[in-house]
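Before any comments, here is the structure.
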Amino acid sequence: SAALDACLQTAGAFMYKEYGTLQLPRAAERLRVGRLPRDGETCIVRVTMRDRQATHTDFDFALFGEDGTVILSAEGYRCIVVTRKAR
């Protein structure tokens with residue numbers, strides 16, 4: 001669950017940094033679990049924005065382990081906008 005949470009947080013941090021919006025998880029079309037990460041393993045998450053609207057953003061993401069294998073991936077992960085940063 002910590003690995004999945006880290007991926008969701010990464011997508012949310014990207015949206016805050018780039019667009020100034022705070023977004024929370026809503027749903028995912030597909031979630032696949034490949035394997036569990038090892039204790040202390042360095043992982044890399046790759047996030048791709050599929051669609052951005054005023055009310056929500058859709059992503060695909062994959063978390064890779066040190067050996068390049070997929071730990072988990074999501075397609076159609078949707079987060080909803082809850083607030084915008086004042087500009």
Compute the acute angle (0 to 90°) between the alpha-carbon long axis of helix 2-19 and the principal axis of greatest extent of the alpha-carbon atoms of the chain; round to the nearest 10°.
30
If I build a Gaussian network model for the chain, linking alpha-carbon pairs within less than 10 angstrom, which residue out of 47, 70, 33 has the largest mean-square fluctuation?
33
Of the heavy-atom accessible surface of the chain (probe 1.4 angstrom), what whole percent is carbon and sulfur?
52
With Cα springs under 10 Å, the Gaussian network model of the chain assigns the largest mean-square fluctuation among 39, 60, 51 to 39
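Pulled fully out, how much extra length does the chain show between residue 35 and residue 69, if you take 0.36 nm times their separation in residues and subtract their Cα-Cα distance?
Full extension of this stretch gives 11.4 nm more.
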State log₁₀ I(q)/I(0) for segment 19-74 at q = 0.19, 0.24, 0.29 Å⁻¹ as given by the Debye formula over alpha-carbon point scatterers of equal weight, solvent excluded.
-0.75, -0.97, -1.17
Residue farthest toward the positive end of the dipole of the chain, with Cβ of Lys/Arg at +1 and Asp/Glu at -1: which of 44, 79, 61?
79
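Calculate the dipole size of the chain relative to its Cα centre from +1 charges on Lys and Arg beta carbons and -1 charges on Asp and Glu beta carbons; express the result in debye to the nearest 20.
Once rounded to the nearest 20, the dipole reads 460 debye.
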So if R0 is 22 Å, what FRET efficiency would residue 14 and residue 55 give, r being the distance between their Cβ atoms, rounded to the nearest 0.05?
0.80
Ignoring everything but the protein chains, give the 1.4 Å probe accessible area of residue 43 in square angstrom, nearest 10.
50
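The values are calculated or read from the model by the stated rules, or taken from the named source; none is laboratory data. In this text the structure is predicted, and so the values were computed from the model without any measurement. Glycine also receives a Cβ, built like all others from the backbone with ideal geometry; neighbour counts cover every protein chain displayed. Keep in mind that these areas ignore ligands, DNA and RNA; they rest on the heavy atoms of the full protein, side chains included. Shrake-Rupley method; radii C 1.70, N 1.55, O 1.52, S 1.80 Å.
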